[in-house]
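Remarks on the structure that follows.
Each value in this text was obtained by applying a stated rule to the coordinates, not by laboratory testing. Computed from a predicted model, the values in this text were never measured in an experiment. A quick note on method: Cβ atoms are made from the backbone with ideal geometry, for glycine too, and the neighbour counts reach across all protein chains shown.
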Amino acid sequence: MELTVLGGCGAWPTAVQACSGYLVEYAGFRLLLDPGYATLPRLLAHHTADAVDAVLISHGHPDHCADLNPLLRARGLSDTPPPALPVYAPHGAADAVLALDRPGMLADAYHLREFRPGDRFDIGPFRTDTWLLPHFVPNAGIRLTTPDAVLAYTGDTGPSPDILRLAEGADLLLSEATYIHEVPTADAPYLLTARLAGQYASRAGAARLMLTHLWPGTDPAAAQETAAQAFRNPIDIATPGLVTDLAHARG
């Protein structure tokens with residue numbers, strides 16, 4: 001299983017960093033995980049729009065799903081449209097982005113497959129387990145399993161014991177870390193810190209940790225150093241173009 005980071009910036013994209021977006025590949029199948037703001041250009045630097053086999057969305061905030069619209073336009077409005085793209089999302093999470101165009105304009109470009117966080121299903125070669133994790137809107141923590149690797153992804157979440165189940169023994173925990181040390185009081189139930197991400201990765205026995213969804217302007221080195229106070233294994237920051245082979249994450 002190979003993970004390519006398209007973006008990892010929280011809230012809005014910057015001049016050098018797109019929002020959450022990750023391409024997960026295994027056995028020739030390409031799964032686009034969370035096509036947030038500005039991720040489509042990053043994707044197109046690697047593959048054509050019709051090379052994506054499915055999309056999986058953790059929740060409905062636009063920094064995690066807004067670029068589904070241009071992806072569907074690139075596919076549905078091409079001279080030779082590819083087959084409808086399976087789009088997996090929690091119930092209602094994709095409604096706003098799918099409503100950006102006139103009704104029916106992109107109807108043949110996608111097949112919406114809604115789920116409830118807590119469901120288990122298959123997407124191509126990936127066994128997909130989900131958990132309802134605390135956020136401002138319903139958010140699915142996602143665990144992708146293949147015969148040789150496990151990727152655990154928090155989406156956006158606050159503290160929860162389910163993160164330990166999500167990440168147990170994972171080859172890579174891709175964890176939101178909006179803040180470094182402390183989340184403002186009003187948002188504390190719904191977001192994590194780099195410190196907490198490191199603690200969860202350590203307690204879950206993950207082989208590797210990747211911090212993502214850092215607030216724009218956050219010092220990535222400071223976030224990495226803080227997570228390392230609790231987690232002694234390798235820690236990366238989600239930056240565009242970073243490629244991780246999960247099958248060798250424990251090497």
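Key figures for this structure:
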{"item": "Structure-based [θ]222 nm, the chain - -39500 (n - 2.57) summed over DSSP H runs of at least 4, per residue, nearest 500", "result": "-4500 deg cm²/dmol"}
{"item": "The range 1-99: antiparallel DSSP beta bridges as a percent of all, rounded to 5", "result": "60 percent"}
{"item": "Packing-based order for 232-239, 51-58, using average beta carbon neighbours within 10 Å, highest first", "result": "51-58, 232-239"}
{"item": "Distant-in-sequence amide H partners of ARG113 (H built 1.01 Å from N, under 5 Å)", "result": "VAL87, TYR88, ALA89"}
{"item": "Spin-label model distance (nm) - ALA188 vs ASP50, 7 Å beyond Cα toward Cβ", "result": "5.3 nm"}
{"item": "Exposure proxy order (Cβ contacts within 10 Å, fewest to most) of VAL16, VAL150, VAL24", "result": "VAL16, VAL150, VAL24"}
{"item": "Added length on full extension, which subtracts the Cα-Cα distance from 0.36 nm per residue, HIS111 to TRP12", "result": "32.9 nm"}
{"item": "C-alpha center-to-center spacing [the range 214-251, the range 35-91] in angstrom", "result": "25 Å"}
{"item": "Separation of the HIS248 and ALA222 label points, Cα + 7 Å toward Cβ, nm", "result": "3.4 nm"}
{"item": "Counted charge near GLY8, where neighbours are those whose Cβ lies closer than 13 Å (Asp, Glu -1; Lys, Arg +1)", "result": "-4"}
{"item": "DSSP-defined beta bridges in the chain - what % are antiparallel, rounded to 5", "result": "55 percent"}
{"item": "Given [x] 6, 22, 23, 18, 13, 9, 4, 2, 2, 1, 0; [y] 8, 35, 39, 16, 3, 0; [z] 7, 31, 36, 20, 5, 0, the label whose value is P(r) over Cα pairs in 10 Å bins from 0, in percent derived from this model", "result": "[y]"}
